[in-house]
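The values are calculated or read from the model by the stated rules, or taken from the named source; none is laboratory data. Note that the coordinates shown come from a computational prediction; the quantities given were computed from them, not determined experimentally. Cβ placement follows ideal geometry from the backbone for every residue including glycine, while neighbour counts extend to all protein chains displayed. These area figures cover heavy atoms from the full protein model, side chains too; ligands, DNA and RNA do not enter into them. Shrake-Rupley method; radii C 1.70, N 1.55, O 1.52, S 1.80 Å.
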Amino acid sequence: MKCRRCKAPAIIDIPRHNAAFCAECFTHQCREQVKRAIHEHQMIAPGERVLVAVSGGKDSLALWDLLHEIGIPADGLYLGLGIGEYSDASGEHTRAFANARGFHLHEVDLRADYGYDIPGAAEATHRAPCGACGLSKRHLFNQAALDHDYDVVATGHNLDDEAAVLLGNVLRWETGYLGRQFPVLPAAPGFARKVKPLVRLSEREMAAYCVIRGIEYQVEECPMADGNRHIGFKNLLNQLETQSPGTKAAFISGFWSRGHAAFTEAADDERAALLPCVECGAPTTTGDRCAFCSLRAKASQPVAIRLGR
Ligand code: AMP
Ligand code: FES
Ligand code: ZN
């Protein structure tokens, strides 16, 4: 197996591109894919301030590294979710990465700053933790960007993540979610722009990138994500991809070019009709307390009150 670009011995094959690469050309290929995604979807303009949400996992650390490598000096944001040792290790990986490179890292801690954590939120809402977790992340990534004057929030969602979420949304025809599922969500009053520069790169490629670049990341998956249906969708898509390389990329890019526009109107109308939350000012559908403030009120009750209910 030879590198497609320089003909040296290859260390990784990428069946969907019918190509293999040596370590140096592979990192070049990753940078090119990120540049292409940014350009194709007009994610980031020159001089804009970028905040990367960094979880300590392979994707977001690779993204932070890649952005700097291509000349976008992004700052990081780590959100402490309070999920025991998993969160402790995630924070340590993120801080070690930032310190070693002299990158600026903002930190928000759910328990210290908002009085709750994800296990407590799951208990208080009697729901799977991923709902409270996703809601907290969306709200606080956006809030941090607005508070610190960033133009753009970048997340490490990769090709596998986007294809799995798309499959889930299509199977249930979640039209609202389909309208918002795109590599870039434009800014609007109360919302910073959201971008996903890794959408052209797979999970496996991001793991290889971290190994090649010597990036130490949190390998453990979240212990609370058991039963998360996206894991099942990822497995299904991997089977299809093995039989027919390129399936995932075709599924997702075909949706962007031919499907997404059919769902944007409903999502745009929904966004235009939003009113500020009475407590935090974030956009909400009702103009009352937003979902984040409601969750916070419920989840940050003292344990004694929760038990006494
Ligand atoms: P997940 O929601 O775990 O699939 O993660 C998707 C993306 O959200 C990651 O690639 C990160 O960019 C971001 N992210 C997830 N968890 C955190 C966290 N604790 N702090 C900051 N960013 C995070
Ligand atoms: Fe959110 Fe596990 S990272 S529930
Ligand atoms: Zn609110």
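A few notes on this one:
- Helices (runs of 4 or more DSSP H) wholly inside region 137-248 that include at least 2 residues being among the aromatic types (Phe, Trp, Tyr) and within 15 Å of the chain's Cα centre (by Cα): none
- Selected residue (criterion: farthest from ligand 1 (Cβ to nearest atom)) from residues of region 75-97 that are part of a helix (DSSP H, G or I) and either in contact with a His (Cβ under 6 Å, 6 or more places away or on another chain) or hydroxyl-bearing (Ser, Thr, Tyr) (or both): Tyr86
- Qualifying position, being assigned to a loop (DSSP other than H, G, I, E, B), open to solvent by 70 Å² or more (accessible area, probe 1.4 Å) and more than 16 Å from ligand 1 (Cβ to nearest atom), among Asp269, Asp288: Asp288
- Scan of region 121-167 for residues that are hydrophobic (A, V, I, L, M, F, W, C), within 16 Å of ligand 2 (Cβ to nearest atom) and farther than 15 Å from Phe182 by Cα, ordered by number: Ala121, Ala122, Ala124, Ala128, Cys130, Ala132, Cys133, Leu135, Leu140, Phe141
- Restricting attention to region 122-137 and to residues that are open to solvent by 70 Å² or more (accessible area, probe 1.4 Å) and without any contact (Cβ under 8 Å) to a residue 12 or more places away in the chain, the residue that is farthest from Val152 (Cα to Cα) turns out to be His126.
- Checked against (1) out of contact with any Cys (no Cβ under 7 Å at 6 or more places or on another chain); (2) among the β-branched types (Val, Ile, Thr); (3) within 13 Å of ligand 1 (Cβ to nearest atom), Ile118 passes all but condition (1).
- Residue list for region 169-188, restricted to those being in contact with a helix residue (DSSP H, G or I) (Cβ under 8 Å, 6 or more places away or on another chain), modelled with pLDDT of 95 or more and surrounded by fewer than 16 Cβ atoms within 10 Å (Cβ to Cβ): Val170
- The set of residues in region 60-74 being part of a helix (DSSP H, G or I) and surrounded by fewer than 24 Cβ atoms within 10 Å (Cβ to Cβ) consists of Asp65, Leu67, His68, Glu69.
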